[in-house]
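Working notes for the structure below.
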Amino acid sequence: MASKRKFLFSDLPIDDLTMDEAIESVRQKLKNKESMFVVYVNSDVAVKAEKDEKLKRAIRSADMILADGMPLVWISRFYRQPLRQRVAGADMVPRICEMAWREQYGLFLLGGREDVPEAAASNLKKRFPGIKINGVYSPPEGFEKNKEELQTIRDKIRDSKAEILIVCFGCPKQENFIYENRKSYGAPVSVCAGATIDFLAGRVKRCPPWMGRLGLEWLYRFLREPRRLFKRYFIDDMYIFYLAIKHRR
């Protein structure tokens, strides 16, 4: 289960869990055949949730909310409610896949551009021979507004009988999709994973570990895609520091 100790930031109750504790929580939910919705919150997600009540409602409905980003860890210390560890989705999802492989739970990979989930599945099978990939699917653009396509997605997940659904639509699509559909597609554990599908597929390279430990993964990604990420990192996400002052008061 999620931790009893939480760091409340902008009405988002973030669980104070280490990576190992988070993995064990997922494992216990699967063992007990209980449902779980896992969300990772970084600066981008927190800023979007501040301005989007639908997204905030979806996040607050999650069973486990984890700090994916050092700014939130730093802010927790500023609030004197220090989180013990950053738990990044890009680090935890491969651990979930390893746990699924060891205990033979089925995975469904949902999202990413065309052929990306297939590439991710192929790499996981090489890394974990015998892993159960029950299904993969990359829905067309605009799927979230198409009732027939949403039904197709639900049917594919349900028919796959996967126990773990990894959803990689990006924020807020992935959070809203799970919130609105988790009761109807059948997979007990649903995980928001964002760009993790691209890392699993080998399409995007992770930063060196030392940069991640220093909270500089954003800088590494910016240097690789400056035009696409300049506005997000240097304009939109800077709002997180205003929120830190606002909500502390």
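We did not get these values from a lab; they are worked out from the coordinates using the rules stated. All values derive from a computational prediction rather than experimental measurement. Neighbour counts are summed over all protein chains in view; Cβ atoms, including those assigned to glycine, are modelled from backbone coordinates with ideal geometry.
Translational D (Stokes-Einstein, µm²/s) of region 63-107 at 10 °C and 1.306 mPa s when Rh comes from the Kirkwood sum over C-alpha pairs?
Working: Rh = 12.0 Å.
It comes out at roughly 132 µm²/s.
Region 1-48 to region 158-175: how many Å between their Cα centroids?
Spelled out, the Cα-based centre of one part sits 16 Å from the other.
Give the aspartates and glutamates reachable from residue 205 as a straight Cα distance under 18 Å; neighbours fewer than 8 places away on the same chain don't count.
Within the straight-line cut-off, residue 205 pairs with 68, 91, 115, 118, 217, 225.
What ³J(HN,Hα) values, in whole Hz, does the Karplus curve 6.51 cos²θ - 1.76 cosθ + 1.60 give for region 15-30 when θ = phi - 60°, with x put for Gly and Pro?
Couplings: 6, 8, 10, 7, 4, 4, 5, 5, 4, 5, 4, 5, 4, 5, 4, 5 Hz.
Could you tell me what % of all Cα pairs in region 119-249 have separations over 16 Å?
73
Charges only on Cβ, +1 for Lys and Arg, -1 for Asp and Glu: so what's the dipole of region 129-173 about the Cα centre, in debye to the nearest 20? Walk me through the numbers on the way to the answer.
Working: 8 positive and 7 negative charges, 26 e Å.
It works out to roughly 120 debye.
For region 1-40, just list the percent of Cα-Cα distances falling in each 10 Å bin from zero outward, please.
For region 1-40, the binned pair fractions read 28, 53, 18, 1 percent.
Using +1 on the beta carbon of Lys and Arg, -1 on that of Asp and Glu, and nothing else charged, what's the dipole of the chain about the Cα centre, debye to 20? Don't skip to the answer; put the middle values down first.
Values: 46 positive and 33 negative charges, 112 e Å.
Dipole magnitude for the chain comes out near 540 debye.
Using Cα pairs closer than 8 Å and at least 6 residues apart in sequence, work out the relative contact order for the chain, in percent.
Values: 404 pairs, mean separation 54.0, N = 249.
Result for the chain is 22 percent.
Amide H of residue 138: which non-local residues (sequence gap of 5 or more, or other chain) have their own amide H closer than 5 Å, using H built in the peptide plane?
Here the answer is 111, since their amide H atoms fall under 5 Å of that of residue 138.
To one decimal place, what orientation-averaged projected area in nm² is obtained for the convex hull of the Cα set of the chain? Walk me through the intermediate numbers first.
Working: hull surface 51.0 nm².
So the mean shadow area of the Cα hull is 12.8 nm².
Which percentage, to the nearest 5, of the DSSP beta bridges contained in the chain is antiparallel? Let's see the in-between values first.
Working: 4 of 24 bridges.
In the chain, approximately 15 percent of DSSP beta bridges are antiparallel ones.
Taking loop as defined by DSSP and a crowding limit of 10 other beta carbons within 10 Å, which GluC sites (Glu not before Pro) in region 81-130 fit?
Values: sites: 98, 103, 114, 118; in loops: 114.
Within region 81-130, the qualifying GluC sites (Glu not before Pro) (loop, at most 10 other Cβ atoms within 10 Å) are 114.
In deg cm²/dmol and to the nearest 500, what is the mean residue ellipticity at 222 nm of the chain if only DSSP H runs of at least 4 residues count, each as -39500 (n - 2.57), divided by the residue total? Kindly include the intermediate steps, with their values, before the conclusion.
Working: 13 runs with 128 residues, N = 249.
It comes out at -15000 deg cm²/dmol, rounded to the nearest 500.
Would you pull out the residues with amide H under 5 Å of residue 36's amide H, same chain only if 5 or more places away, H placed 1.01 Å from N?
Under 5 Å from the amide H of residue 36 lie the amide H atoms of 189, 190, each far enough along the sequence or on another chain.
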